[in-house]
Every structure is written in structure tokens, then in C-alpha cells.
Amino acid sequence: MEINKIRIGIIGLGRMGRFYLNEMKKSNRWDILYICDIDPRSRELAQQLSPESIIVSDEQVVFEDPRVQAVGLFTLANLRARQIRKALQYGKHILSEKPIADTIEDEQEMVRLTEASDRICTVNLYLRNSWYHHQIKNFIQSGELGELAIIRICHMTPGLVPGEGHEHEGPAFHDCGMHYVDIARWYAESEYATWHAQAVKMWNYQEPWWLQCHGTFQNGITFDITQGFVYGQLAKDQTHNSYIDIIGTKGIARMTHDFKTAVVELRGVSKTQRIEKPFGGKNIDVLCDLFADSIQAGKALDSLPQMRDSAIASEYAWQFLQDAQTHALPAIGNLETLEQIRERRRTMKNGYGLLRK
């Protein structure tokens, strides 16, 4: 039986856009009708990667074509609010990168607009689609940990440095850290109540590139989140430190990964498990399948990330950054070191040269 494919237009074929294109082409659920990008080099690449698609530079062509059922918005954050408005105006379902706009006010407006629409609208909060987080949450819900008490998250890598693409998405803790702000809230199933943030202006850069925040949720669960792309940028052999540590009144659950394999340890009152599986990257395939399932079902599935979730995570990430500004904000290092890091990353072929989030 022939499957009715969903006709989609991809807008933006940068790094993330190529991830989506790759996963959609591997699936039998998508007809990639258009690929749009203003960069001639990206359009040339699009022609090579997807010769059956119509390659355009004007996004309006995509929005106005009634054959297009959905759009993938993978451009920069400062363009997304306008594109979401257009998508809704022309009746398209929406798959967007995060954040959904470049200001809190616009993000809140996008939530209002999408929730008032009958279109399926989702956003890439990729940690919600990770097998390891679902494994841990199921263990929590089984009662093996007792009552959930403490959520600890750390993600420190020698990743993207200032000047490499964060300009419209904010400093590292907003661009990347909002994912961890979101997943902590997902675990707690509650809203943030109190917080205290400490940050550092690494290399004397004007914005902090490392931040740690701790506090509580409204239901009393305590959290701490540490994030920064500052972890041994000029080390001879680079490494990273990334984990989640869940502490209950009776047991614990934790996960570590090396960007290839994730290891989950579950230590409950009646069972102990160690699960090792492929990391899964950004789980774009999972998100695309959830999006397709929702479109075909005519309603958003419960597990599909919502625009509201992105806006809340974005707002709190900004608030934590603002809170850090009210405390001592040391500047360590110098801009000469930052330039050395940039030069090294420009010439790196392996390791963490392309690592972002």
C-alpha cells in the first residue's frame, strides 16, 4: 500500500537544516517539495543533496504554494517570528528550531498565535526525545526512587565560542542551556520557583560563557544546572563533562555519555540496572516521526514538544542569565586566548571542532 507522504518545505539549509533534510530523506514519510535558502552555496548543496526538490531563494514561494502542508523553519532566531506568522497565515503545520523568536515578547506572541491555530506546531527540544531521559523518567514513575527530590544536570564541552553563531540566540546558557532548563522542568513536572545563578566571563568576553544555577521548583524539587562551552578549549586532548543525576528519597538514576554511547544507571529499592545504548545525537528522526504522526492524527501527540515549552525554557534561561548579572561576575582570561581558541577551531577536523550542544 502506498503511503501518503507529507509535503514539506525546508527553509534554511544550515547545519541544523541539513540534519533535518538527512533524516527526512531516510524516512518514507516526507515529500521534500522545496528547499529554500538565501545563500547560493547552500542552494547549490541542496541541489546535490535533494535533486528532486525545488530549490528557491524566496521563502514566499514556499508559503504560497497550496501543495505544501508543512514547513521546517531552520533559519536564525531573528527570522522565526515572521516565518511562524506567515506559516499560520498560509495554513501550514510548523516544525521549528528553538528559540521560536529572538525576544521574550515575540516568543510569547508565537505561543498565543500557534495555540489559537488548528495547525500542528512543534519545536526541537531534542532532550525530550532522548531514549535515556525516557528510561530514567519511567524508572522515577515506577516508584523505585521514592519521591523525586534533586535534579542535577551538567553539560560542559569545548564547544561553540563567541562569534560562531550564537548572536541571535544569546550567550551559551541561552542558546544551549535552555535545553537543560527545559529538561529539568520536564522531570520536575512543575514550574520554577526560586533560583540563584553564578556566571563567569571567560576570556574577558563581554557575555558569560559558563553559568551555574541552582534553586527550587514550586513542588519543592531542587535543581542545579551547569553549562558552558569552556571545557579545555586549548587542551592537547579535548574531553567533556556531561551528565544528569536524579536523586530520590530512596534511590538514584544517572546518565553519562561520550556523544557516541549513553550509559544509564538505575539504582532503585528493588532493582539495579545498567543500560548502554547508542547516544542518538539530536534525535531529529524521533521528532520528525512525532510531527508526522501528529499531522496524520489531526492533533498533537502528548509527547510532541510544544511552542509553550520552548518559550518557558527560553524565558527562564534569560532570567538565570540576568540573575547572574546581579552577583559578582568575574572576567577571567583575555581576548587573545579567545582568538587562539577560534583559530584552533577553524583548523580542527575532528574532536570537538563542530560540537555545539
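The values are calculated or read from the model by the stated rules, or taken from the named source; none is laboratory data. Treat the numbers as computed from the prediction; the structure is a model and nothing was measured. Here the Cβ is made from the backbone with ideal geometry for all residues, glycine too, and neighbour counts use every protein chain on show. The protein model used for the area step is the full one, side chains on, heavy atoms only, and it has no ligands, DNA or RNA in it. Shrake-Rupley method; radii C 1.70, N 1.55, O 1.52, S 1.80 Å.
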Item to check | Dipole-positive endmost among VAL230, LEU88, SER27 within the chain (Cβ charges, Cα centre) | outcome: SER27
Checklist entry - Using the Cβ atoms and a cut-off under 15 Å, what net charge is assigned to the surroundings of ASP118, where Lys and Arg are +1 and Asp and Glu are -1? => result +3
Checklist outcome for this item: Regression test value, accessible area per residue of segment 129-191, probe 1.4 Å, units Å², expected 28
Checklist entry - Considering only DSSP states other than H, G, I, E and B, which trypsin sites (Lys or Arg not before Pro) in segment 1-67 qualify as loop sites with at most 12 other Cβ atoms within 10 Å? => result ARG67
Checklist entry - Too long at a 29 Å Cα-Cα cut-off: which of LYS98/LYS271; LYS5/LYS282; LYS250/LYS277; LYS250/LYS282; LYS26/LYS260? => result LYS98/LYS271; LYS250/LYS282
Checklist outcome for this item: Checked segment 114-209 with the C-alpha gyration tensor, a ≥ b ≥ c its square-rooted eigenvalues, rounded below a/c of 1.5, otherwise prolate if a/b is larger than b/c and oblate if not; verdict oblate
Checklist entry - What is the set of long-range amide H partners of ILE54 at a cut-off below 5 Å, with H atoms built 1.01 Å from backbone N? => result TYR34, ILE35
Item to check | Cβ-defined net charge surrounding GLN273, 15 Å radius [Lys, Arg +1; Asp, Glu -1] | outcome: +3
Checklist outcome for this item: Asserting the computed 222 nm helical MRE of the chain (DSSP H runs at least 4 long, -39500 (n - 2.57) per run, divided by residue count, to nearest 500) equals -11000 deg cm²/dmol
Checklist entry - With every protein chain kept in the model, how would you rank TRP186, TRP203 by accessible area, 1.4 Å probe, largest at the top? => result TRP186, TRP203
Checklist entry - THR256 to LYS236: FRET efficiency via 1/(1 + (r/R0)^6), r the Cβ-Cβ distance, R0 22 Å, to the nearest 0.05? => result 0.45
Checklist entry - Counting Lys +1, Arg +1, Asp -1, Glu -1, what net charge surrounds GLN198 among other residues with beta carbon under 15 Å of its beta carbon? => result -2
Checklist outcome for this item: Here FRET efficiency (C-beta to C-beta, ASN204 to LYS26, R₀ 45 Å, nearest 0.05) is 0.55
Next on the checklist: Suppose R0 equals 30 Å. What FRET efficiency, 1/(1 + (r/R0)^6) with r the Cβ-Cβ distance, do THR103 and LYS299 give to the nearest 0.05?
Outcome noted: 0.55
Next on the checklist: Per-residue counts of other Cβ atoms within 10 Å, averaged by peptide: what ranking do you get for 211-224, 99-112, highest first?
Outcome noted: 99-112, 211-224
Checklist entry - Can you give the charge dipole size of the chain about its Cα centre, rounded to the nearest 20 debye, using +1 on the beta carbon of Lys and Arg and -1 on the beta carbon of Asp and Glu? => result 920
Checklist outcome for this item: Answer in debye to the nearest 20: the dipole magnitude of segment 99-257 about its Cα centre, from +1 Lys/Arg and -1 Asp/Glu charges placed on Cβ, is 720
Checklist entry - Where does each of VAL181, VAL286 land when they are ordered by accessible area, with a 1.4 Å probe and the largest first? => result VAL286, VAL181
Checklist outcome for this item: Two pseudo-spin positions, 7 Å from Cα along C-beta at GLU339 and at THR249, lie apart in nanometres by 5.8
Checklist outcome for this item: For segment 240-336, whose charge dipole is built from +1 on Lys and Arg Cβ atoms and -1 on Asp and Glu Cβ atoms, the candidate among MET255, SER270, THR326 with its Cα farthest towards the positive end is SER270
Next on the checklist: Suppose every Lys and Arg Cβ carries +1 and every Asp and Glu Cβ carries -1, with no other charges. What dipole size does segment 220-357 come out with about its Cα centre, to the nearest 20 debye?
Outcome noted: 420
Checklist entry - Quick one: how many Å² of MET156 are accessible to a 1.4 Å probe, rounded to 10? => result 30
Item to check | Farthest positive-ward along the chain dipole, Cα basis, beta-carbon charges - from PRO40, ILE136, MET16 | outcome: ILE136
